[in-house]
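Report on the structure given below.
Please treat every number below as a calculation from the coordinates, not as lab data. Owing to the predicted nature of the structure, the values given are computational and were not obtained by experimental measurement. Positions of Cβ are backbone-derived with ideal geometry, glycine not excepted, and every protein chain shown enters the neighbour counts.
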């Protein structure tokens, strides 16, 4: 389970320093394509509460020649919500051309274990791709995930092609998706790259800081 700060009141100056430090850490997060490219993707483990689909497996998706975008997120996460328009757009654009997006909801706070909370978020954010709950952190640990949101692109051969932590690099992510689909034999010649209505939405240090502060407030860590 991810580490958490102790639930206690923090003095305002220390809180601001903490937010700045965490913001810089998130801002430095990004694509790790070179580091993780080529390693076999682990199998899903311990997933329950599937929405928008029956239970899926990495083995089954590989047998179906699907490219898979695994999106780790949690309900009370501004940074996760900020990436959502892009993930939705990729699902809508490429689902009929070989891409399966799988949202893995791994909770940070206790109330996020509740299936009703996840269902409400899926409905309110118009998430139509498969989503499963990872309440025991089994899939999180199998993928060696460290932060929300994290996205893993898995080629049809079952190997990780691209990883991104946090917001940003949306153009790079779509290029990786297209490359993986093309390698799997899908014809994308009639589908233009880019053009998502989400493209005007970009990450910034202030947006990252806002999201981090919201999470501290929600956790009762801010005065």
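Each label point was placed 7 Å from the Cα along the Cα-to-Cβ direction; for residue 120 and residue 59 their separation is 3.8 nm. Take the Cβ atoms of residue 78 and residue 144, set R0 to 30 Å, and the FRET efficiency comes out at 0.80.
Pair-distance distribution P(r) for the stretch 31-201, from all Cα-Cα distances in 5 Å bins starting at 0: 1, 9, 19, 24, 23, 15, 7, 2, 0, 0 percent.
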